[in-house]
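The values are calculated or read from the model by the stated rules, or taken from the named source; none is laboratory data. Quick caveat, the model's predicted, so the values are computed rather than measured. Cβ sites come from the backbone with ideal geometry, for glycine too, and all protein chains shown count toward neighbours. Surface accessibility is based on the protein's heavy atoms, side chains included, excluding ligands, DNA and RNA. Shrake-Rupley method; radii C 1.70, N 1.55, O 1.52, S 1.80 Å.
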Amino acid sequence: GLSGWASSVDDIPADTITRRFRYDVALVSALKDLEEDIMDGLRECGMEDSTCTSGFSVMIKESCDGMGDVSEKHGGGPVVPEKAVRFSFTVMSVSVLADEQEKEVTIFTESKPNSEMSCKPLCLMFVDESDHETLTAVLGPIVAERNAMKESRLILSVGGLPRAFRFHFRGTGYDEKMVREMEGLEASGSTYVCTLCDSTRAEASQNMVLHSITRSHDENLDRYEIWRTNPFSESADELRDRVKGVSAKPFMETQPTLDALHCDIGNAAEFYKIFQDEIGEVYQKVNPSREERRSWRAALDKQLRKKLKLKPVMRMNGNYARRLMTQEAVEVVCELVPSEERREALRELMRIYLQMKPVWRATCPAKECPDQLCRYSFNSQRFADL
């Protein structure tokens, strides 16, 4: 990634908080890395080299995430925040629309789009991802470069001929926290729970199945304008209800998704609560005391540690979630659940869950698990009912 840079990375002055590549230069470098793949793709599709010089389009997936604790273990370096943020991109596909053709032909598809091998770092910064001001200051130029590239074409020599590339950016590599920050939504404790739709906590708990995706970057920008100008002279509560929790200016266009890891973690956290409630037969009690609840949790932790060697965790993490969400774990928990009927329901819940899980873990569900994909909607409704 640093080829062509005269200085090595170690020559950075000590108080630098960020290093980044120019976006267009980084994209050129990524495309040059793919030169052979692109040429192979053209040959396989029988598109002779000389005819295809324009009409290439490149799909770029952008990702940005906090990197947690990167403090020095023994000190001695410059004083920088001990958190870092990385902004990176992946070339997902390259397709070409030949002059006389109607349809685009895909000549390259990244086979491992979620692997770090295909993920190119663009910008590394010593910033806490919660520090909105610094983050936006550092990422501002990236947004500007990206907007400039959307409107223009890159001419690059590939396979000995100059070819014209257009870039399409999809910001799908952001976790929920980052999407909320970039899109000006209230933080995760908000009544407006979802980054994809407008439902509130109350609505979401009533309706677990039917939701449509209603949030988009443009919509968020419009709502921010309403928040800023308050054209109907409403009270703060009415205004907030109108803009559905958009109270800051959307900064960078993202496509909010829920990544598989956080999907696992969210579900496991929910199941962990269900397990405690079932052990304490909460459905028979009016409002159990905190001590009672604590004892159920202790019983659950003790059982999981004894039978599954699962140590209790402060916050649900991916590894714990994957171990907890198994048929084996349910059997272990069922030993503590008094009623046979409830035990059967728990087993059934986990059975459905494990049928649904491959769909969001797969890179391409339609190819990798078509059967589970077909049954997904039915399963999710059954799951919600149960």
Here the residues within region 295-331 that are of a type in the set (A, V, I, L, M, F, W, C) and over 29 Å from the mean Cα position of the chain (by Cα) are TRP296, ALA298, ALA299, LEU300, LEU304, LEU308
Strands (runs of 3 or more DSSP E) (entirely within region 112-212) containing at least 3 residues that are among the basic types (Lys, Arg) and in contact (Cβ under 8 Å) with a residue 60 or more places away in the chain: 161-174
Looking at region 111-119, can you tell me whether even one residue there is of a type in the set (S, T, N, Q), within 15 Å of ILE60 (Cα to Cα) and in contact with an Asp or Glu (Cβ under 6 Å, 6 or more places away or on another chain)? yes
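Pick from region 83-100 the residues that are assigned to a loop (DSSP other than H, G, I, E, B) and touching a residue at least 24 places away in the same chain (Cβ under 8 Å): which of them is least open to solvent (accessible area, probe 1.4 Å)? Before the answer, list the steps.
At the first step, the residues of region 83-100 found to be assigned to a loop (DSSP other than H, G, I, E, B) are 97-100.
After this cut, where a residue has to be touching a residue at least 24 places away in the same chain (Cβ under 8 Å) as well, the list is 97-99.
Details: LEU97: 67, ALA98: 14, ASP99: 115 Å².
Ranking the qualifying residues of region 83-100, first place goes to ALA98.
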Take the residues in region 222-254 that are under 27 Å from ILE142 (Cα atoms) and in a helix (DSSP H, G or I); name whichever of them is least open to solvent (accessible area, probe 1.4 Å). ARG223
Looking at GLY140, GLY68, GLY46, GLY55, which is the one that is in contact with a Leu (Cβ under 9 Å, 6 or more places away or on another chain) and over 28 Å from PRO365 (Cβ atoms)? GLY55
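For region 291-302, state whether one or more residues are in a helix (DSSP H, G or I) and touching a residue at least 40 places away in the same chain (Cβ under 8 Å). Don't jump to the end; show me each part of the working.
Quick first cut of region 291-302, residues in a helix (DSSP H, G or I) only: 291-302.
Next cut, touching a residue at least 40 places away in the same chain (Cβ under 8 Å) only: none.
No, every residue in region 291-302 fails to be in a helix (DSSP H, G or I) and touching a residue at least 40 places away in the same chain (Cβ under 8 Å).
Here's the yes/no breakdown for (1) touching a Gly at 6+ places or on another chain (Cβ under 7 Å); (2) part of a loop (DSSP other than H, G, I, E, B); (3) under 30 Å from ARG43 (Cα atoms):
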position	(1), (2), (3)
GLY68	no, no, no
GLU72	no, yes, no
GLU102	no, yes, yes
PHE108	yes, no, yes
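For the structure I just gave you, tell me whether LEU354 is under 22 Å from LEU300 (Cβ atoms), part of a helix (DSSP H, G or I) and either out of contact with any Gly (no Cβ under 7 Å at 6 or more places or on another chain) or among the basic types (Lys, Arg) (or both).
On the way: under 22 Å from LEU300 (Cβ atoms): yes; part of a helix (DSSP H, G or I): yes; either out of contact with any Gly (no Cβ under 7 Å at 6 or more places or on another chain) or among the basic types (Lys, Arg) (or both): yes.
Judged against the criteria, LEU354 is a match.
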Only one of these is acidic (Asp, Glu), open to solvent by 60 Å² or more (accessible area, probe 1.4 Å) and closer than 30 Å to MET47 by Cα: GLU203, GLU219, GLU151. Name it. GLU151
Within region 92-112, can one find any residue that is under 19 Å from the mean Cα position of the chain (by Cα) and of a type in the set (A, V, I, L, M, F, W, C)? yes
For LEU156, are the conditions met, namely being of a type in the set (A, V, I, L, M, F, W, C) and in contact with a helix residue (DSSP H, G or I) (Cβ under 7 Å, 6 or more places away or on another chain)? yes
Restricting region 357-380 to residues that are loosely packed, with under 15 Cβ neighbours inside 10 Å and not in a helix (DSSP H, G or I), the one nearest to the chain's Cα centre (by Cα) turns out to be THR363
For region 255-280, name all the residues that are open to solvent by less than 40 Å² (accessible area, probe 1.4 Å) and more than 17 Å from the chain's Cα centre (by Cα). ALA268, ALA269, PHE271, TYR272, PHE275, GLN276, GLU278, ILE279, GLY280
Residues in region 59-67: is at least one modelled with pLDDT of 70 or more, among the β-branched types (Val, Ile, Thr), in contact with a Phe, Trp or Tyr (Cβ under 8 Å, 6 or more places away or on another chain) and within 29 Å of GLU253 (Cα to Cα)? yes
